1. Can you find even one residue in region 82-98 that is surrounded by 12 or more Cβ atoms within 10 Å (Cβ to Cβ), under 30 Å from residue 1 (Cβ atoms) and free of Cβ contacts under 8 Å to residues at least 24 places away in the same chain?
2. Does residue 44 satisfy being assigned to a strand (DSSP E or B), at pLDDT below 90 and surrounded by 10 or more Cβ atoms within 10 Å (Cβ to Cβ)?
3. Considering only residues that are assigned to a strand (DSSP E or B) and in contact (Cβ under 8 Å) with a residue 60 or more places away in the chain, look in region 56-80 and name the one that is farthest from residue 108 (Cα to Cα).
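The values are calculated or read from the model by the stated rules, or taken from the named source; none is laboratory data. Everything numeric here is computed off the predicted structure, so don't read it as measured data. FYI the Cβ positions are ideal-geometry reconstructions off the backbone, even for glycines, and counts take in every protein chain you see.
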């Protein structure tokens, strides 16, 4: 099993979710997060004062998928989240040793 963690632009969330559901991936955890990468934030003006916004709003999506499907998930996720501009985000892939469904004790891929 693989855990796929993606940090994306908030306005791409619905498009990404629909694309993942289109390939049968419906189990995911979504969190609103803040951060920055190479873009280092930006400056905005509010009531005549300039503010440096160095932590930008992002969305973090976490998915655990069977090892055989993770490449497909990454491809769909990156395609749906891409705008081609700086700040599109990152995808991280981790190995998952075990998954257990609390309700009935299913383990491994059956727990997904």
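1. yes
2. Working: assigned to a strand (DSSP E or B): yes; at pLDDT below 90: yes; surrounded by 10 or more Cβ atoms within 10 Å (Cβ to Cβ): yes.
Yes, satisfied.
3. Here is the first cut: in region 56-80, the ones assigned to a strand (DSSP E or B) are 56-65.
Still in the running and in contact (Cβ under 8 Å) with a residue 60 or more places away in the chain: 63-65.
Working: 63: 14, 64: 11, 65: 10 Å.
Within region 56-80, the match that is farthest from residue 108 (Cα to Cα) is 63.
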